[in-house]
Amino acid sequence: MFLGHVGVALAAKKTAPKAALGTLVFAAQLADLLWPILLLSGREQARITPGITRMTPLDFVWYPWSHSLLMQIVWGVALGATYFAFRRDARAAAVVAACVPSHWVLDWIAHRPDMPIIPGGARHGLGLWNSLPLTLSTELALFLAGIVLYMSATRAKDRAGHFALSSLLGLLLVVYFASAFGPPPPNVHVLALSALAIWLTVPWAGWADAHRELVAPGSRR
């Protein structure tokens, strides 16, 4: 649900316009930002098993600290509280906090039954990834909906506001389709190192958002 998570962050800007897009992307993607670090440190485990689903060859063996529902709620509360401590914006803090466990909900829809509710507990998943057409159509729909909502809430202040956003969205699409149709990673170490690149989306989104301004309700774009 790579594009789906970004779609949630983009859409959240409509609900919490004062929250920076970089912060919202960080929150919605926090599980996947932590996961490669935990994978490299040996605290979580994965295998590459071609054919395990139609969408991805990744077998998520053990990832309770980044991807269990309980821990995502804990991470979300911590992030929301930190945001409120610095910004004193209760609405934006609540949206930031909610974006974190939204990751679990989308992954629960997409993954086979490997999503834990609590660390070490039973694992669940609806298995959308077993259908490539359904996965692509669902993710692209979520991504497009997020773009539409974000664009309805903001407008570019300068050329950077157009370029930074369009280049970010274009890159995300390229990475997504390369992952969906390209060869599997050669090993888990390379997988984890390449997954660290997701961190680049946070400052990139922040850059784009800094060059855009909010659209007042009822104003003409």
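Mind counting the residues in region 159-181 that are open to solvent by less than 30 Å² (accessible area, probe 1.4 Å) and within 23 Å of Pro57 (Cβ to Cβ)? Number of matching residues: 3. If the condition is being more than 23 Å from Ala195 (Cα to Cα), open to solvent by less than 20 Å² (accessible area, probe 1.4 Å) and either modelled with pLDDT under 95 or under 17 Å from the mean Cα position of the chain (by Cα) (or both), then region 45-96 contributes only Gly80. Residues in region 182-200 that are open to solvent by 40 Å² or more (accessible area, probe 1.4 Å) and in a helix (DSSP H, G or I): Val188, His189, Val190, Leu193, Ser194, Leu196, Ala197, Trp199, Leu200.
Close Cβ contacts (under 6 Å, 6 or more residues apart or on different chains) running from residues in region 74-85 that are more than 20 Å from Trp104 (Cα to Cα) to residues that are at pLDDT below 95 and outside any helix (DSSP H, G or I) are absent. Would you please name the residue that is nearest to Val74 (Cα to Cα), looking only at residues in region 6-44 that are of a type in the set (D, E, K, R) and open to solvent by 20 Å² or more (accessible area, probe 1.4 Å)? Among residues in region 6-44 that are of a type in the set (D, E, K, R) and open to solvent by 20 Å² or more (accessible area, probe 1.4 Å), the one nearest to Val74 (Cα to Cα) is Asp32.
Every residue in region 114-135 that is under 20 Å from the mean Cα position of the chain (by Cα), open to solvent by 60 Å² or more (accessible area, probe 1.4 Å) and under 19 Å from Trp65 (Cβ atoms), please. Ile117, His124 - these are the residues of region 114-135 that are under 20 Å from the mean Cα position of the chain (by Cα), open to solvent by 60 Å² or more (accessible area, probe 1.4 Å) and under 19 Å from Trp65 (Cβ atoms).
Being touching a residue at least 60 places away in the same chain (Cβ under 8 Å) and of a type in the set (A, V, I, L, M, F, W, C) holds for only one residue in Leu38, Leu30, and it is Leu30. Among the residues of region 38-54, is any touching a Gly at 6+ places or on another chain (Cβ under 8 Å) and not in a helix (DSSP H, G or I)? Yes: region 38-54 contains one or more residues that are touching a Gly at 6+ places or on another chain (Cβ under 8 Å) and not in a helix (DSSP H, G or I).
The values are calculated or read from the model by the stated rules, or taken from the named source; none is laboratory data. This structure is a prediction, so every number in the text was calculated from the model and none was measured. Note: ideal-geometry Cβ built from the backbone for every residue, glycine included; neighbour counts use all protein chains shown. All accessible areas refer to the heavy atoms of the entire protein, side chains included, with ligands and DNA or RNA removed. Shrake-Rupley method; radii C 1.70, N 1.55, O 1.52, S 1.80 Å.
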